[in-house]
Amino acid sequence: MKTYKRLSYAERAALCTNHMAQQLFSLLSEKETNLALSADVTSCAALLELADKLGPEICVLKTHVDILTDFTLVFTQELVKLAKKHQFLIFEDRKFADIGNTVRHQYQQGIYHIADWADIVNAHSLSGPGVISGLAEVGLPKQRGLLLLAEMSSAGNLINSDYIQKTVRMAEQFPEFVLGFIAQRKISNDPWWLYMTPGVQLAEGKDTLGQQYVTPTKALLENESDIIIVGRGILQAKDPLLEAKKYRQAGWNAYCAGSKTK
Ligand code: 5BU
């Protein structure tokens, strides 16, 4: 049988120099939850209601702000208030992928003013390190953090092991701004990187549009990720709060199993 012995979240918080990674590892440890809610609803009221109800269960609330049909900047202020009230971080899953100059504007300006309210955003490494430099110009002064997309959960995606390794090398050039990766597994031996994994449900499976699901145990224990991102597994349940508690427990059990010597 495989022997697991991983550093705890608190130990990794102490090893980090990245401000956002430190904050998030500490939050995971203190709040005892590694569950991120993917709040993929299309109205501001529904999102705020979810954030208020499920906020106590989660470490991160992930948004796709461009699917909201009634977005306003007031909504973002309300969301930030709830993040403070319930102690979670806000992650806008924007997947920036353009040249540095363009993403700088997309991050700060436009309708959404993402940099003003999202603690964390993510970017594809596809376009090269300029995308990180551009985002860092806006995000660093506000003490924000960036996750690089190193892997995706969808079937048939074009990412290969060379792309993953090059993404890690790129992250290493920006230790102040990049806190970790969106990935399906641990992809570096350096313990200060934080991993978030989407495509998680209590049972393995897939949807009709290429999404592929692994279980919390597979993601956190076998694949050594740190945070599970769950959307429809919770949102489509009869009682989303009850379901969130189940995912929280499953995620925390998997983490505890991984940090013990067997
Ligand atoms: P689901 O309902 O749990 O399948 O939602 C998953 C969420 O994570 C959804 O918001 C996606 O946009 C997001 N996601 C993903 O599913 N897979 C990926 O590789 C990345 C993001 Br990156």
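The values are calculated or read from the model by the stated rules, or taken from the named source; none is laboratory data. Keep in mind that what you see is a predicted model, and the values were worked out from it rather than measured. Cβ atoms come from the backbone with ideal geometry, glycine included; neighbour counts cover every protein chain shown. To get the accessible areas, we keep the full protein, side chains included, count just its heavy atoms, and leave off ligands, DNA and RNA. Shrake-Rupley method; radii C 1.70, N 1.55, O 1.52, S 1.80 Å.
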Requested in this report: Only residues that are without any contact (Cβ under 8 Å) to a residue 40 or more places away in the chain and of a type in the set (Val, Ile, Thr): list them for region 37-62, please.
Outcome: Thr42
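Of Leu209, Leu241, which residue is farther than 20 Å from Leu28 by Cα and surrounded by fewer than 18 Cβ atoms within 10 Å (Cβ to Cβ)?
Unique residue meeting the criteria: Leu209.
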Query - Where a residue in region 184-205 is under 19 Å from Ala250 (Cα atoms) and of a type in the set (A, V, I, L, M, F, W, C) and its partner, wherever it lies, is within 13 Å of the ligand (Cβ to nearest atom) and part of a loop (DSSP other than H, G, I, E, B), with Cβ under 8 Å and at least six apart - result: Met196/Ala183; Met196/Ser225; Val200/Thr215; Leu202/Thr215; Ala203/Thr215
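Select from region 28-38 the residues that are crowded, with 23+ Cβ neighbours inside 10 Å and assigned to a loop (DSSP other than H, G, I, E, B) and list them in ascending order.
As a first pass, look at region 28-38 and keep what is crowded, with 23+ Cβ neighbours inside 10 Å: 28, 33-37.
If the condition is that a residue be crowded, with 23+ Cβ neighbours inside 10 Å and assigned to a loop (DSSP other than H, G, I, E, B), then Thr33, Asn34 are the ones that fit.
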Query - In region 138-155, the residues that are open to solvent by 10 Å² or more (accessible area, probe 1.4 Å) and either of a type outside the set (A, V, I, L, M) or within 15 Å of the ligand (Cβ to nearest atom) (or both) - result: Pro141, Lys142, Gln143, Arg144, Glu151, Met152, Ser153, Ser154, Ala155
Requested in this report: Residue by residue through region 94-116, note down the ones that are in contact (Cβ under 8 Å) with a residue 12 or more places away in the chain and over 14 Å from Asp66 (Cα atoms).
Outcome: Ala97, Asp98, Ile99, Gly100, Asn101, Thr102, Val103, Arg104, Gln108, Ala115, Asp116
